[in-house]
Amino acid sequence: MSKFTKKKKGLPGISTASLPDIVFMLLFFFMVSTTMRQTDLMIKKPSLPTASEVKKLEHKSLVSTIYIGKSKDSRIEGDKIQVNDKIIDVKDVISFILSERAQRKEEEVKYMTTSIKADKNANVGTILDIKEQLRDINALKVSFSTTKGTDFSKNYQ
């Protein structure tokens, strides 16, 4: 008969040659798309007020955030203002915004936004004082952070 016979084999093994490429591609994707938390809150996490018309901020890299809320230390009364990782007074808001402007290119400065994340129980006078400081240095693009919702029934009963 024939000298050569066909040998029956099972399914061929799965090639793992491209597996490292896939793993590194996924790793690179998650490294690029993940944002790291930049600020550790030194105040109690603000419970934001609700609003019916909410708009997301664009160009988050051009946003300077000011947090307003109560201190984590219950012995300290009054509202505290936090920027980056430090507590400041109202009069220091100007120097904070000017330092944020200095870190940006000149053409980006006109697109910068100041975001105020104030606790819904924060004193309105503190917020007005901050707005006045921002007005003095012509930082007129201000955003107030809220949560989406319409829960006005509590306020008007």
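The values are calculated or read from the model by the stated rules, or taken from the named source; none is laboratory data. Only a predicted model underlies this, so the values are computations on that prediction, with no experimental measurement involved. When we count neighbours, we look across all protein chains shown, and the Cβ atoms used for this are built from the backbone with ideal geometry, even at glycine. Protein only, heavy atoms only, side chains kept; ligands, DNA and RNA dropped before computing areas. Shrake-Rupley method; radii C 1.70, N 1.55, O 1.52, S 1.80 Å.
Things to note:
- DSSP H segments from the chain that extend 20 Å or more along their own axis, Cα-based, with Kyte-Doolittle mean of 0.0 or above: 19-33
- Computed over protein heavy atoms with a 1.4 Å probe, the accessible surface of the chain works out to 82 Å² per residue.
- What a 1.4 Å probe finds exposed on the chain is 55% carbon and sulfur by accessible area, rounded to a whole percent.
- For the range 1-70, the Kirkwood estimate of hydrodynamic radius, built from reciprocal distances between every pair of different alpha carbons, is 19.4 Å.
- When the P(r) of the range 1-139 is calculated, the portion above 21 Å amounts to 60% of the C-alpha pairs.
- Highest-first packing order for the peptide set 16-27, 87-98 is 87-98, 16-27, based on the mean count of other beta carbon atoms within 10 Å.
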